[in-house]
Amino acid sequence: MIISRHRTSQRSDVAAFIAMDVMSQAAALEAQGRSVVHMEVGQPGFPAPQRALDAVKTALPSPLGYTVALGRDELRAGVAALYRDWYGLDLDPRRVVMTTGSSAGFQLAFLSLFDAGDRVAIADPGYPSYRNILKALALDVVRIEGQAETGFQPTPEAIHAAAKQGRIDGLLAASPANPTGAILDRAALTALIDACHAGGTTFISDEIYHGLHFDERAVSALEISDDVIVINSFSKYFAMTGWRIGWMVVPEALIPTVARLAQNLFICPPHVSQVAALGALSAHDELEVYRQGYARNRALLLERLPQIGVSSFAPCDGAFYLYADIGHLTRDSRAWCEDVLINAGVALTPGLDFDPVRGGQSVRVSFAGAQDQVAEGLDRLADYLTGKRG
Ligand SMILES: Cc1ncc(COP(=O)(O)O)c(C=O)c1O
């Protein structure tokens, strides 16, 4: 008899990504023939833009082998041009590093900047993988408890307070944020970056939801300083989650370090996705139609959720999420979401995914899908909450 002698590492003992668990549970119900409205997953319910698909069609007969680790030159130049269009910035394309989604960007950023045991701050509620990737890389997570008055975003005061327990080596912030959609305005972002620079803390800006705003556009950290790390992706605004393609903008001095890590860890981001991404960069007309769809969904939720008794939300300035307080309905958002999934056929993500301490009383509603689905989800929730279902 073979006895397994494998042990697992302590670093791999990270929490599950609950949104993905909800997705699997929903898929199991669908496999039994049940209908589920998907408002759990943070991905557009639409395909990649046609320009991306056309570019791939043209390229498919060619070998599509490895590319250089930092990505194809024309794509890096295309991304640099986006910074001119969106923010009026003149960005050297050599500072653009193509990555296998922003998820690989985090690994490259954390590995190139920090050593095991370094302390990196993130605000809760926040994207769950931040904490889990940091832990897997043996970094210490410094939890900042986001406050409703400041859109649950980190503040200079919170950084100073956290620094009293020990030096903060890095701060990672997202604007618009997941799960709240809250945007840091120019003054707030500037104050945060200044506080980081004054304290010797590296500022990492997750800008994955840029392009998805409902009023004022989000400010890039690069508009404020070149001495920051920016992480972005084709997953959200460009509607290309499964293509696994993203980018970082790094200070010039960091390029060789990131290049060596990227060569060894990933070789290169998927070539076919780099081709698609270059096509997507000229698809703003198609993507604007998607964005208007999210705006309509958001308006529908903001109108109808209060009618069914859910009326306290985070700011929801951008991205495609609404983070709602359900403290009057439950203290265990995980159990509540499971009940809603089984009895109402609506998949939602419990707040515990984003805030392990306070998230038992909140829920994230994703409105990245089609409008008829959002409307159907609201009808089902209304029935559930008024006791007609479940
Ligand atoms: C804030 C945030 N950052 C990063 C990611 C990961 O995205 P990618 O598909 O680019 O790896 C997500 C995914 O939901 C996210 O919400």
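The values are calculated or read from the model by the stated rules, or taken from the named source; none is laboratory data. What you see is a predicted model, and the numbers here were worked out from it, not measured in a lab. Here the Cβ positions follow ideal geometry from the backbone for every residue, glycine too, while neighbour counts run over all protein chains shown.
What the table below lists for this structure:
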read-out: Positions within segment 221-240 being hydroxyl-bearing (S, T, Y) and over 16 Å from A283 (Cα atoms), in sequence order; value: S225
read-out: Per-region count, segment 356-390, residues outside any helix (DSSP H, G or I) and buried (at least 24 other Cβ atoms within 10 Å of the Cβ); value: 7
read-out: Tally, over segment 231-265, of residues that are of a type outside the set (A, V, I, L, M) and assigned to a helix (DSSP H, G or I); value: 9
read-out: Criterion (at pLDDT 95 or above, surrounded by fewer than 15 Cβ atoms within 10 Å (Cβ to Cβ) and away from the ligand (no atom under 14 Å from the Cβ)) met by exactly one of D140, D73, D118; value: D73
read-out: So R51, is it surrounded by 15 or more Cβ atoms within 10 Å (Cβ to Cβ) and part of a helix (DSSP H, G or I); value: yes
read-out: Qualifying residue in segment 248-261 (condition: within 26 Å of F367 (Cα to Cα), buried (at least 21 other Cβ atoms within 10 Å of the Cβ) and not β-branched (V, I, T)); value: no
read-out: Sole residue being buried (at least 19 other Cβ atoms within 10 Å of the Cβ) and in the same structural domain as A277 (by TED's automatic domain parsing), chosen from S233, S225; value: S233
read-out: Answer from V37, V56 - the residue that is of a type outside the set (S, T, N, Q), within 25 Å of R334 (Cβ to Cβ) and not assigned by TED's automatic domain parsing to the domain that holds T100; value: V37
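Each row is one residue, and each column tells you yes or no for (1) in contact with a helix residue (DSSP H, G or I) (Cβ under 6 Å, 6 or more places away or on another chain); (2) polar (S, T, N, Q).
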{"position": "R186", "(1), (2)": "no, no"}
{"position": "G200", "(1), (2)": "no, no"}
{"position": "S205", "(1), (2)": "yes, yes"}
{"position": "F214", "(1), (2)": "yes, no"}
{"position": "P251", "(1), (2)": "no, no"}
{"position": "P256", "(1), (2)": "no, no"}
